[in-house]
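Just below is one structure, and these are the notes that go with it.
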Amino acid sequence: MRFSILGPLAVYGADGAALPIGGLRLRRLLVLLLLTPGRTVGSERLARGIWGDEPEPENAGNALQALASRLRRAVGGGAPLHTGG
């Protein structure tokens, strides 16, 4: 799996084919994780990075879990996601 974050975000599978990563928040989550390779990223940092100046959802923890699940499906389980409290 290969990721490109300089310029437009792009994700390429093992076969070199581009993988679609849809949705602004999903793409923000991926970039935040890619900027801290091999380390756990706290949920507060992720929420700030994903929602920015927008109000966070009432249950941001559940929203983050849902985004992480969607991201895992989008990348086919080929990359570990290190998120945490």
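The values are calculated or read from the model by the stated rules, or taken from the named source; none is laboratory data. Note that the coordinates shown come from a computational prediction; the quantities given were computed from them, not determined experimentally. With ideal geometry, Cβ positions are generated from the backbone for all residues, glycine too; neighbour counts draw on all protein chains shown. Protein only, heavy atoms only, side chains kept; ligands, DNA and RNA dropped before computing areas. Shrake-Rupley method; radii C 1.70, N 1.55, O 1.52, S 1.80 Å.
Could you check the range 23-38 and list, in sequence order, the residues that are modelled with pLDDT of 90 or more, in a loop (DSSP other than H, G, I, E, B) and open to solvent by 50 Å² or more (accessible area, probe 1.4 Å)?
Leu35
Among the residues of the range 45-68, is there at least one that is of a type in the set (Lys, Arg) and in a loop (DSSP other than H, G, I, E, B)?
For the range 45-68, residues of a type in the set (Lys, Arg) and in a loop (DSSP other than H, G, I, E, B): absent.
Filter the range 9-22 for residues that are exposed (fewer than 13 other Cβ atoms within 10 Å of the Cβ) and modelled with pLDDT of 90 or more and give the result.
Listed by number, the residues that qualify are Asp15, Gly16, Ala17, Ala18, Pro20.
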